[in-house]
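The values are calculated or read from the model by the stated rules, or taken from the named source; none is laboratory data. Bear in mind that the values here come from a model prediction, so they are computed numbers and not experimental data. Note: ideal-geometry Cβ built from the backbone for every residue, glycine included; neighbour counts use all protein chains shown.
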Amino acid sequence: MSDPYRDSIQAFQDAASTEDPRSAAAFSTDAGFRSRADSAARLARQINRDGLRLKTTGPTFESPTDGTRVAVRCDVLDGEREVGAVFVLLVKVDGDWKVEGFAEHRTMVGLFLAGQHSPVVAFEDLPADSAVQAWAESEAERLSDDPSPDAKLARAADDGRTIIELVAVHTLEPLGRSAVVFQARRPGDEFGTESATVVQQVDGQLEVSSRGQLPSYEALFDGVQAVWDVAATEGGPAERADALLTGLFDQLLRLGGLGDLMPDGGARPILRFLSAEARAGRLPAADLLDPKALSGAWGGDLAGRIDQHVQSRVAEILGKHGIDPDAMDPDSPAGRALVEEHSDDIVRGLFQGVLLASAPVDAEPTVTASPGAAKWMRAALRHMADDA
């Protein structure tokens, strides 16, 4: 059966791969082909210039409001080698699905699906909120006198001759957040060190969320709920749990560098297993599948926390089976037999670690993290994907 989203992406890709990538405009929205941000035009250029291919792997998320926007997860291939993954964003125009742009960050995908923002708007083109602008001008004066609140600016200003100036304010209204960009530079220098301070509206007051960020959308998204409101996903509680599991697992693959283990949709059997585990109550932290209970901190040091919790939980499970992860190689004959026997437990522990790391409570790992546990985790994931 034909898939209209897949067909539209394939038609766009075929056109972009021709001698004239501008022919992809016929399969793009007008806004998407006029923009030079994360747009259809930019995606077409990259496909044409670098010989990349898009492989639709799913999942697909539809707009919870009017059904005119979808996001389709695609692997990016260079030949047969997977080099990344993006969400291709499509809009329904006069009955046809057309490519608007692409996004890697799940918060951007959520804003697009809700019709609140599109990645075709460049970060540099975000307007300035007037209240934040006034605050930023005063803050520039304060930082000129004492740059210590921003470690990045303070390091650049340690010679005492550095000027700190306000460069721009970029406000993303749907999030109520602004990135205030300051620059530290020496007199006469054309370039300096730029740093973004993120401020947000809380109960009518401006509060600093973070300092020392790279001026980008990622600065605005840092600390924001990364998985969109799956309560709006069609279907019952089981389908909503599946959607959230998919979101969290995608984050794990990205943060853990495990995407190479999942070619050709290899993650799907693992997601099916995790979904069944959650429904059967065999994930102790399964109550965290409630979107409202999830931590919004997919950023900062969370990648390190995930690594610590996952290695700790997997090491604990291996220990219960009498396996020393640092002493035995999972790729040895004996190791492969144990991976086959205990892969369910290992993957279950892996996901428990992810949930604990992202929990709103400050849980600490119960067992010292073991470097060898990471090898066993990868071996169990590979076994489960290959065995499907």
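Numbers below:
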{"item": "Check on Thr68, of a type in the set (Val, Ile, Thr) and surrounded by 15 or more Cβ atoms within 10 Å (Cβ to Cβ)", "result": "no"}
{"item": "Matching entry among Pro127, Pro119 (being surrounded by 14 or more Cβ atoms within 10 Å (Cβ to Cβ) and assigned to a loop (DSSP other than H, G, I, E, B))", "result": "Pro119"}
{"item": "Condition broken by Ala388, with the remaining ones in (1) modelled with pLDDT under 65; (2) within 25 Å of the chain's Cα centre (by Cα) satisfied", "result": "(2)"}
{"item": "Candidates Ala24, Ala16, Ala40, Ala44 - the one that is touching a Pro at 6+ places or on another chain (Cβ under 8 Å), in contact (Cβ under 8 Å) with a residue 12 or more places away in the chain and buried (at least 19 other Cβ atoms within 10 Å of the Cβ)", "result": "Ala44"}
{"item": "Inter-residue pairs, beta-carbon under 7 Å, first surrounded by 18 or more Cβ atoms within 10 Å (Cβ to Cβ) and in the range 316-329, second hydroxyl-bearing (Ser, Thr, Tyr), 6+ apart", "result": "Glu316/Thr366; Pro325/Ser370"}
{"item": "Hits in the range 94-112 - residues which are of a type outside the set (Ser, Thr, Tyr) and within 30 Å of Gln205 (Cβ to Cβ)", "result": "His105, Arg106, Met108, Val109, Gly110, Leu111, Phe112"}
{"item": "Residues of the range 27-37 classified as among the acidic types (Asp, Glu) and either under 25 Å from Gly79 (Cβ atoms) or buried (at least 17 other Cβ atoms within 10 Å of the Cβ) (or both), total", "result": "0"}
